[in-house]
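In what follows, a single structure is set out as structure tokens and then discussed.
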Amino acid sequence: MNMSMSSSSDNSSSMMSMSGMRMTFYASNMTPLYSDAWAPTNTSAYAGTCIFLILLATLFRGLLALKGWKETAWLDAEFNRRYVVVAGKPSKTERITQDGDSKKMILTENGVEEEVMVVKKRSSGVRPWRLSVDPLRAVIDTVIAGVAYLL
């Protein structure tokens with residue numbers, strides 16, 4: 001019986017050496033994380049590696065939340081920009097009144113009626129590149145990609 005046990009273990013070890021790859025999921029607290037240089041040698045080093053991965057995952061989620069928060073702030077800032085009317089070009093109100101998609105309606109709130117113009121948005125368009133926004137956006141995206149790669 002011992003002979004069959006040893007031959008089956010020899011068979012499995014020869015399969016491991018034939019593939020040349022390490023198994024991904026197995027129970028060992030000496031598994032290297034990114035390279036052989038980062039291989040825990042005891043239980044406390046293994047726990048430290050696990051804590052590091054948890055902190056890295058928390059950082060990743062925090063960066064995603066930061067990106068969403070900044071995107072909202074940048075969009076709000078874009079909508080709050082003031083635009084200058086260029087001489088010789090029709091004003092925004094003139095363009096709206098000439099637009100076939102706009103409709104005059106009456107808006108009533110608390111008994112007060114006001115005539116308003118409802119305009120349909122045609123497309124979102126491409127936002128221009130801005131020096132105040134896009135370099136920071138690129139840095140955040142690069143850090144997110146780096147942390148995601150490490151996870």
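Overview of values
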read-out: Hits in region 23-42 - residues which are surrounded by 10 or more Cβ atoms within 10 Å (Cβ to Cβ) and either assigned to a helix (DSSP H, G or I) or among the aliphatic types (A, V, I, L, M) (or both); value: Met30, Leu33, Ala39
read-out: Qualifying residues in region 53-72 (those that are of a type in the set (A, V, I, L, M, F, W, C) and touching a residue at least 60 places away in the same chain (Cβ under 8 Å)) - the one farthest from Thr142 (Cα to Cα); value: Leu53
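Laboratory data are not the source of any read-out in this text; all were calculated from the coordinates shown. This structure is a prediction, so every number in the text was calculated from the model and none was measured. Don't worry about glycine lacking a Cβ; one is built from the backbone with ideal geometry, like all the others, and counts go over all protein chains shown.
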